[in-house]
1. Using the Kirkwood radius built from alpha carbon pairs, what does the Stokes-Einstein equation give as D for the range 332-380 at 4 °C and 1.567 mPa s, in µm² per second?
2. By DSSP, what percent of the beta bridges with both residues in the chain are antiparallel, rounded to the nearest 5?
3. What stretch of the chain, leaving out the sites themselves, is the longest with no trypsin sites (Lys or Arg not before Pro) in a DSSP loop having at most 15 other Cβ atoms within 10 Å?
4. For the chain, calculate the relative contact order in percent as a whole number, restricting contacts to Cα pairs under 8 Å that are 6 or more residues apart.
5. May I ask you to list the lysines whose Cα is less than 29 Å away from that of residue 290, ignoring any residue fewer than eight positions away on the same chain?
6. Can you work out D for the range 123-179 in µm² s⁻¹ from Stokes-Einstein, where Rh is the Kirkwood radius over C-alpha pairs, the temperature is 20 °C and the viscosity is 1.002 mPa s?
7. Based on the Cβ-Cβ distance of residue 135 and residue 276, what FRET efficiency does E = 1/(1 + (r/R0)^6) give at R0 = 41 Å, to the nearest 0.05?
8. Take the range 79-187, drop everything but the C-alpha atoms, weight them equally and run the Debye formula without solvent; then report log10 I(q)/I(0) at 0.12 Å⁻¹ to two decimals.
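Readers should treat all values here as calculations from the given coordinates under stated rules, not as data from a laboratory. What you see is a predicted model; the values in this text were computed from it and never measured. Neighbour counts run over all protein chains shown; Cβ positions are idealised from the backbone, glycine included.
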Amino acid sequence: MLGPRWRERQGRPRDTEVPPEPANDLAPVSRPLYLPAAHDPLNEDVPDMRTLHLQPLPDWIRETFQQEFDSAGIEVAWGGDLDELSLRHLARNVDVLLTGRQCIEEELIAAVPDLRFIQVQGRAPWAVDWDAAVRAKVPVSVLPHRGAIAVAEQAMALMLGLCRELVAGHRGTSEAAYRELGTDPVVTSERKIAFNWLGFEDIRQLHGKILGLVGLGDIGLEVARRARAFDMEILYHKRSPLRATHEAAIGARYMTLEGLLAESDVVSLHAPHTPETEGMIDANTLARFKSSAILINTARGGLVDEAALVDALREGQLAGAGLDAFVEEPLPEGHALLDCPNVIFSPHVGGGTGGGQKGMIQAVVANLKRVEAGEAPHGLVEA
């Protein structure tokens, strides 16, 4: 939502003097932010906006970003691989700082004399030194990561599907399994129904359950956001614990991996697949799960020792699994997981049907064009 003082500035001439603003207010700025950068008619080659992208990115994402920036006429410099001194030197001539999870510290903000705007991709609360942005009176926009949202929704769908017995309920209803249970259909009314006619013994709620997130990047953050809406308690494990203020913002509590597995009712995997995480969910770690717990994997199949998972499911050591990622994809015909009880599969569609990264990039570039054109950007954060 746009603050009232920023609304007042819409359309002010570039040289209009702006009255002093409270130091603790992120919204007001000391110059008219939403008007185009000064254009030099003597030099048509000077871009109206220069952006520094701080986040280290895979080559294909960086190339897609570059194409979108080029099409929009925005000059971009890439700082993800630079040391701190080189980064500050490069930042001196930019208008916009852009990041994902790489923190924009106070020193960098102070090193950019003409900084007009900070854009964050995703909801990492540690991405910006918020107090420094307030003091510098530089506005910050946060745009949610579309690809991360898609995977987070898939993770929640798998949790709900397992807890609510959706697949078994659909199959039993469509196959008229009531006939095997000695039940006959009745005409229902407000007070007369055939409650739980398939006789499920353990329909569970997510409400009040403990969710353990293994990994807390863009996807883990989006899962946490949705889990809070279900009143779940959220634990997380990553290589380095967050600051207490960031944990409070997310509503999550750090635990060791062993502690998280032992306490969680739902364990959801969001770590990258690396040599260190290969088979991290194996017989030893599965032995730490509650027997009533479920495992969700929307990350990569290689995080899980599938043979150990099969044993845990068959022996009742684990209550269920929701899997969107596998060691071999498609999951081969006759795979042992296909005969396991209480498993829901999806064909690696957590990211939707594709385009999440490109959509995120296009949204970011479009937001910068709004600022360049003197319009209010989306996702504006107010202190």
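1. Estimated diffusion coefficient is 89 µm²/s.
2. 5 percent
3. The answer is 244-383.
4. 19 percent
5. Filter leaves 209, 238.
6. Reported coefficient: 140 µm²/s.
7. The computed FRET efficiency comes out at 0.60.
8. Debye curve over Cα of the range 79-187, log10 I(q)/I(0) at q = 0.12 Å⁻¹: -0.57.
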